[in-house]
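Here the structure comes first, spelled out in structure tokens, and everything after it is commentary.
The values are calculated or read from the model by the stated rules, or taken from the named source; none is laboratory data. Note that the structure is predicted; figures quoted are calculated from it, not measured. Please note: Cβ atoms are built from the backbone with ideal geometry, for glycine as well, and neighbour counts cover all protein chains shown.
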């Protein structure tokens, strides 16, 4: 157990922000009711101070990489203007860790979503796998980020480089808790054909990494972001035993109807919660957004090799960077190249039904944020055509990711344990209020600058 200490700068108790991305606690409550004593730490969590948060009305803005920036900056989506995963590095407005550090609070962070490293001397900082921002500079943090980033961004193809495997093994030997060895063994032994167990393995490992760094460095404020719950809801929510109504189901070739990935996720997260609830630090557990069941069947695919595909299509670009699931960033030499790249990508359509393959293309200056939006199955022999009249089989260019099960909801769930509860926002406040809650806890000012500064994307 971490011993409580007061912040030298503020006199306040140390605080942990645990971000369980998009977890729907309405469903969690039903699981605790249906299976008493199976999830004892969720039962403990549900008894502490609780608030709901809200978000934007526009569904296009209900993305975690938008809403966590709000929670970390104290600004709405329109105020901070960050709409792409990884774009936090192109901003200059202050986010939570950098702001607190400037007010004398020691800080640490493991995988906070879409957060640029604005700190000068953090106790530790490992970015999320999709954001190109510096780590704290230590060898462990840099290597862990490199390995996890490669593993996450190539997850659809189950392809890990020897370097990634080696560093993950070393990091596992350094940070894995012996109490979790049985869990790790169980998840790995049952991971074939069950990618949600790989996501749970990663989250359990990130929690172990965070626990090890926290014990060693003892920052006054720390944040840990976990994403397996969001992944499982997006792709396997129809299998959840705790749904009130389950009008859609997944095909058995995709996941057996006897399997409940949501329940497995709760078992792993219950362990994580136990560690944080047993710790004497003040605690916020927040979801940012949540998810509800989707109302139709939709397939998700991801390009296998973004660079090779763009080259075949004749897209002018300097580099292609994978983002979450179907998304990728195309960087060009200038705005004219970006416009040509957007034109070529927008022209790609399926031969069978003439639907666009890349239906979401967001140009900004010399870069594009692109999503592979085609919603149907892409079997062998699936033909696409480009704007020059060429056709080819698209099947080998993509990796199947999942069938969409969950969609975003602006309703978020937050829990507050300790002195931090005095500063909890009013129920229904925008998720940005979590920023002010943390700032007030440490006696730091909460006013935001009159204008937001952003560098060119």
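Out of (1) in contact with a strand residue (DSSP E or B) (Cβ under 8 Å, 6 or more places away or on another chain); (2) under 22 Å from residue 415 (Cα atoms), what's the single condition that is false for residue 41?
It fails just one condition, (1).
Suppose we filter 341, 346, 333 for residues that are farther than 23 Å from residue 227 by Cα, surrounded by fewer than 15 Cβ atoms within 10 Å (Cβ to Cβ) and at pLDDT 95 or above; which single one remains?
Within the list 341, 346, 333, the selection yields 333.
Can you tell me which residue among 110, 105, 82 is touching a strand residue (DSSP E or B) at 6+ places or on another chain (Cβ under 7 Å) and closer than 19 Å to residue 203 by Cβ?
So the residue among 110, 105, 82 that is touching a strand residue (DSSP E or B) at 6+ places or on another chain (Cβ under 7 Å) and closer than 19 Å to residue 203 by Cβ is 110.
Anything in the range 357-381 that is in contact with a helix residue (DSSP H, G or I) (Cβ under 7 Å, 6 or more places away or on another chain), buried (at least 17 other Cβ atoms within 10 Å of the Cβ) and closer than 22 Å to residue 299 by Cβ? List them, or say none.
If the condition is that a residue be in contact with a helix residue (DSSP H, G or I) (Cβ under 7 Å, 6 or more places away or on another chain), buried (at least 17 other Cβ atoms within 10 Å of the Cβ) and closer than 22 Å to residue 299 by Cβ, then 358, 361, 370, 378 are the ones that fit.
Name the helices (runs of 4 or more DSSP H) wholly within the range 121-205 that hold at least 1 residues that are more than 24 Å from residue 399 (Cα to Cα), touching a residue at least 40 places away in the same chain (Cβ under 8 Å) and not assigned by TED's automatic domain parsing to the domain that holds residue 95?
Those helices (runs of 4 or more DSSP H) do not exist here; none qualify.
Residue by residue through the range 237-283, note down the ones that are within 20 Å of residue 30 (Cα to Cα), in contact with a strand residue (DSSP E or B) (Cβ under 8 Å, 6 or more places away or on another chain) and crowded, with 22+ Cβ neighbours inside 10 Å.
Within the range 237-283, 237, 238, 269, 272, 273 qualify.
Identify all residues within the range 119-144 that are over 22 Å from residue 103 (Cα atoms) and buried (at least 22 other Cβ atoms within 10 Å of the Cβ); write none if there are none.
Residues satisfying the conditions are 128, 129, 131, 144.
Going by the conditions given, is residue 384 crowded, with 20+ Cβ neighbours inside 10 Å and either outside the structural domain of residue 19 (by TED's automatic domain parsing) or within 26 Å of the chain's Cα centre (by Cα) (or both)? Spell out how you get there, then give the answer.
Numbers: crowded, with 20+ Cβ neighbours inside 10 Å: yes; either outside the structural domain of residue 19 (by TED's automatic domain parsing) or within 26 Å of the chain's Cα centre (by Cα) (or both): yes.
Judged against the criteria, residue 384 is a match.
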